[in-house]
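Undergrad: To start, I am sharing the structure in question, which I have written as structure tokens.
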């Protein structure tokens, strides 16, 4: 076990498991210009070799420049493996002759089978890497509005069962799906704000007030400044012993009341029309008799003519009688209505119409007016609470409304309120898991997939150097259209084809050499410089920029010169290492530690194996490490490259004969007792 990255000699295994190198390789494809800084030149050379092998296998032509480390570069495994395929550039170099030498030394075998094996292994690695990445993404991806499902498992702590007190609330929550437009963090912060305030009691009082059917007679918007005056006027009416309509009643009264209830704004003309209708309704027989007398007038005597005149007179008299009655009753009604008119400002239309109907029916209004006064007083007493509750923001209102509407005992509203954030997460977990059943069927095979990737990486690494040689030999064959070692058939007249035939040129980093390289009109896919970045002046940088658009500089020292490197992505290897170092005080690990210590195991937290932080190391009574326990949430992180950590951690532990035991937060969430038993059984077996 080591605590320092550089104490372990084989931390970076060339072409094999180089976590840092793989990260930097990823960066090299993302950024055109890189400066990689590390105090150890051995580390820089290891990273250089790692990157160079990848570039060359992918048919990139590379220019390597250095003064200080030129001999170490020439002696590196990949350069020596390439042999004459690498051109060591000098002032008088004959590149034509170098390429011809390569043609003469072409092997008979094309190595296509070897290249196919490397490609097959690469595809298989990519396939499994994508599978692993999809598993990691499922657990760790989060959006602006949502936590990762790993965080949701941790916060909710355990899967709900039908025996949990929260389950009855969740059944309702699942059906109604409230608060979908709000994130967990928004709901959580709002709930805490509500709980830490006094608003809940006032909200309950407000809802009881608004849910009272009697309160619903009042308009939604009330001018509280006028309530005192309204109450005063109600008191006056209640005390007024004469405030009751006394109609002139007759057989015609009901028609008047019925018509007035429909048209309370009756005018003089309306009365005239109504009188005509009512008179005809009740006294039409007088007119009918008159018509009959006219028809048979020639046959009637004088007495009948007198009766006709009397009937007509009576009809007119009835009309005057009805009109007189209606006018008096109308005046009486309007008088009383004017006294009630102030209630229109506070009562809803339906309530006011009910009062109006009672009035025109001659009922005593004192009892209902007293009730209205009580309601108005109650409304006045709650005006401050009403103003406060109605000023709550939408999410506060929606949360309180949901809680109040879905709990029987309103005084226990806090019980459901405090769990609303968790209910939100439970619903999101259920939805996410339903949509990702395929991933859930594969995640527990994670370590098996890692092992397969590791094996493929090892096999690919063993084949990579000879595959690089075969790749560039085939480039010669294909571009020059030769099938055997016959230099006479090689056509080197096409300068553009000629420029693409060599994989790598190594050269000193000086102005004369760079000038000669420019004169050759050579263009490179990438330039790799291994030198102190502060020894590169503007003149050299300008020459280098004409040779390639992609430049990687390896430097022991950080930038302190006046050269403008603003277009370069500066990577400090020491900082990059921190991606794989993380200490944890996770509650799950604490529970596991206590459980294992009771079983007699020695536990060490947040220790290092090579550069990797291990959540929990289990030791026997002799302090020998027997198992490293990692929690998915501690080793899986959000970075795109974090998959590498799992691969290299597995390899590092395997090399030291340390067992790796992974606990998935989801399994702990489903049944932590079962997970602890599984771990105990595993330790007993080994």
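What follows draws every value from the coordinates through simple rules; no lab data is involved. What you see is a predicted model; the values in this text were computed from it and never measured. With ideal geometry, Cβ positions are generated from the backbone for all residues, glycine too; neighbour counts draw on all protein chains shown.
Undergrad: Let's test the formula: R0 of 60 Å, r as the Cβ-Cβ distance of residue 181 and residue 108. What FRET efficiency results, to the nearest 0.05? Display every interim value, and only then the final one.
TA: Values: r = 70 Å, r/R0 = 1.16.
In this case the efficiency is close to 0.30.
Undergrad: In degrees, nearest 10, range 0 to 90: what is the angle between the Cα axis of helix 587-598 and the longest Cα principal axis of the chain?
TA: 70
Undergrad: Relative to the longest principal Cα axis of the chain, at what angle does helix 538-547 sit, 0 to 90 degrees, rounded to 10?
TA: 80
Undergrad: I need the peptides 56-63, 426-433, 237-244 ranked by packing, meaning the mean over residues of other C-beta atoms within 10 angstrom, with the highest value on top. Let's see the in-between values first.
TA: On the way: 56-63: 19.2, 426-433: 16.6, 237-244: 12.2.
Listed from highest to lowest mean packing, they are 56-63, 426-433, 237-244.
Undergrad: Also: Here are several values of Rg/Rh (Cα atoms, Kirkwood Rh): [x] 1.11; [y] 0.96; [z] 1.35. Which one was derived from the coordinates shown?
TA: Evaluating Rg/Rh (Cα atoms, Kirkwood Rh) on these atoms matches [z].
Undergrad: So what's the gap between the Cα centers of the stretch 406-431 and the stretch 191-220, to the nearest angstrom?
TA: Using only Cα atoms to place each centre, the spacing works out to 19 Å.
Undergrad: Can I ask one more? Return the whole-Å distance between the Cα centroid of the stretch 233-263 and the Cα centroid of the stretch 298-366.
TA: Using only Cα atoms, the two centres lie 11 Å from each other.
Undergrad: Okay, moving on. Ranked from highest to lowest mean number of other Cβ atoms within 10 Å per residue, what is the order of the peptides 528-535, 276-283? Please report the intermediate quantities before stating the final value.
TA: Working: 528-535: 20.5, 276-283: 16.0.
Ranked by mean Cβ neighbours within 10 Å, highest first: 528-535, 276-283.
Undergrad: Determine the relative contact order of the chain: mean sequence separation of Cα pairs under 8 Å and six or more apart, normalised by residue count, in whole percent. Walk me through the numbers on the way to the answer.
TA: Values: 745 pairs, mean separation 211.8, N = 686.
Relative contact order here is 31 percent.
Undergrad: Arrange the peptides 23-31, 139-147 so that the one whose residues have, on average, the most other Cβ atoms within 10 Å appears first. Please report the intermediate quantities before stating the final value.
TA: Numbers: 23-31: 16.8, 139-147: 14.1.
Per-residue Cβ counts within 10 Å, averaged per peptide and sorted highest first, yield 23-31, 139-147.
Undergrad: Enter the angle in degrees (range 0 to 90, nearest 10) between the Cα long axis of helix 420-435 and the first principal axis of the Cα atoms of the chain, meaning the one along which they spread out most.
TA: 60
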